[in-house]
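Okay, structure first, notes after.
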Amino acid sequence: MRILLVGAGLSGAVIARALAEAGHRATVIDARAHIAGNCHTERDAETGVLVHVYGPHIFHTDDEGVWAYVNRHARFRPYRNRVKSTAQGAVYSLPINLHTINQFFGRTMRPDEARRFIEAQADTSIADPRTFEEQALRFVGPDLYRAFFKGYTEKQWGCSPADLPASILKRLPVRFNYDDNYFFHRFQGMPEDGYTPVVASILDHPGIDVHLDTPFVSDMAARHDHVFWSGPLDGYFGYDLGRLGYRSLTFERFRATGDWQGCAVMNYGDPDVPFTRITEHKHFAPWETHEGSVLYREYSKACGADDTPYYPIRLVREKALLSQYVARAAGTGNVTFVGRLGTYRYLDMDVTIREALNAADAFLHAVQANARPPVFSADPA
């Protein structure tokens, strides 16, 4: 069969590889001039630093199969994400851990003491937190909430934490030990030469053709037996019901000599600092040595028509519009919507790969059974 994959990021590449290995002909197109989507990496010409062009991506997973998959396409070096935060005139480690708690409150508590102390700070009257703010107040109390979450969240999402669902904060743990590893998954690492060579290796198959600088036009679908769409779900329909809401990012890139901030990621929780964080990219490859440094200041903003969509908002209005687009998608013929944009969900890289593998498998089984392939790689709801 002739399969068209719109988007040369992880979803498109993984599905194309699986279908090509099964004997189908896969054509991958991307409107950008490069592969790998938002995890694209490239060398800075002046410093030689490996730069995460669309912001840092750190691979972490408990999925042993996905970990084995990516390691077949690159050498992954051990990497631990240790985030710092500048707040109220001091630097702390995140996620909130025993060191953060003791430093912030000027104490020397043991784990059991700190647990009781934070419980005393917390608003235990909130039995079932429904908003981001309630979740924070229930589990860390007002002081830590204001220092590390309130201002940062207002900048990141452009609205009050009281208007955001509690599920967003559930991604951030509180630890009563001195573990400052941001993630808790078994497998964590960085590809030695960046993510773009990983995707290039996945796409390296005689059954795959890749065409960059090639936007999708509607008559392309008629020339293929099936389309896998990893672009915005609403974009497939020309946004005719309205645009789904996203937050986007603006990067202020600058160079420095030596080590500018001493860590890869420095958050800024104070509301009077306009950016959310500064990332220093040479620290994402600590096995390399560079005299120069490349850094990004990140500013969050509403996503306009010409901006890159990063984070789906998924509040009440967006969910209502999403349900309309899902209904529209159900009426399409030969299209499967995949990935972060195609299913309007926040996805880590490992989940993206797993869902892509599952989508390819489901397609192959449907073809074998002479049945209609699934419309979505995963339920957008």
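Where a number appears in this text, it was derived from the coordinates with a stated rule and is not lab data. Being a predicted model, the structure only gives us computed values, none of them experimental. Quick reminder, even Gly has a Cβ in these numbers, built from the backbone with ideal geometry, and neighbours come from all protein chains shown.
What shape does the stretch 188-322 have by the C-alpha gyration tensor, where a ≥ b ≥ c are the square roots of the eigenvalues, rounded means a/c under 1.5, and otherwise prolate means a/b greater than b/c and oblate the rest? The partial results should precede the final answer.
Details: a/c = 2.86, a/b = 1.33, b/c = 2.15.
Verdict is oblate for the stretch 188-322.
Report the local net charge at Gln88: Lys and Arg +1, Asp and Glu -1, summed over other residues whose C-beta lies under 13 Å from its C-beta.
Working: positive: Arg146, Lys150; negative: Asp143, Asp270, Asp272.
Residues close to Gln88 contribute a combined charge of -1.
Can you tell me the 0 to 90 degree angle between the C-alpha axis of helix 316-330 and the longest principal axis of the chain, rounded to 10?
20 degrees
Cα atoms only, the stretch 83-233: Rg and Dmax in Å?
22.5, 68
In 5 Å bins starting at 0, how do the alpha-carbon pair distances of the stretch 83-171 split up by percent?
In whole percents, the pair-distance histogram is 3, 14, 24, 25, 20, 11, 3, 0.
Quick check: from the Cα gyration tensor, does the stretch 277-381 come out rounded (a/c under 1.5), prolate or oblate?
Numbers: a/c = 3.67, a/b = 1.64, b/c = 2.24.
The shape class here is oblate.
List every residue whose amide H lies under 5 Å from the amide H of Val265, counting only residues 5 or more places away in sequence or on a different chain, with H placed 1.01 Å from N in the peptide plane.
Here Lys84, Glu280 satisfy the definition.
I'd like the antiparallel share, as a percent to the nearest 5, of DSSP beta bridges with both residues in the chain. If you can, show how the numbers build up before the last one.
Details: 35 of 55 bridges.
That works out to approximately 65 percent antiparallel.
Helix 349-368 versus the longest principal axis of the chain: what is the Cα-based angle in degrees, 0 to 90, to the nearest 10?
With rounding to tens, the tilt is 20 degrees.
Using packing as a proxy for protection, rank 91-98, 17-24, 104-111 so that the peptide with the highest average count of other Cβ atoms within 10 Å comes first. Display every interim value, and only then the final one.
Values: 91-98: 20.4, 17-24: 18.6, 104-111: 12.1.
Packing order, densest peptide first, comes out as 91-98, 17-24, 104-111.
Among Leu241, Leu357, Leu169, rank each residue by its count of other Cβ atoms within 10 Å, from fewest to most, as a rough exposure measure. Mind dumping the intermediate values first?
Details: Leu241 14, Leu357 19, Leu169 22.
So the ranking, lowest neighbour count to highest, is Leu241, Leu357, Leu169.
Please give the Cα centre distance for the stretch 301-340 versus the stretch 234-287, rounded to the nearest Å.
Taking the Cα centre of the stretch 234-287 as reference, the centre of the stretch 301-340 is 22 Å away.
Count charges around Asn181 for me, please; just the other residues with Cβ under 12 Å from its Cβ, Lys/Arg as +1, Asp/Glu as -1.
The answer is +2.
Please report Ile118, Ile353 as a ranked list, fewest other C-beta atoms within 10 angstrom at the top and most at the bottom. Please list the in-between numbers first.
Values: Ile118 19, Ile353 24.
Lowest to highest Cβ neighbour count: Ile118, Ile353.
Consider just the alpha-carbon atoms of the stretch 1-156 and return their Rg together with their Dmax, both in angstrom.
Just the Cα atoms of the stretch 1-156 yield Rg and Dmax of 22.4, 66 Å.
Shape verdict for the chain, please, from the Cα gyration tensor: rounded (a/c under 1.5), prolate (a/b greater than b/c) or oblate.
Verdict is prolate for the chain.
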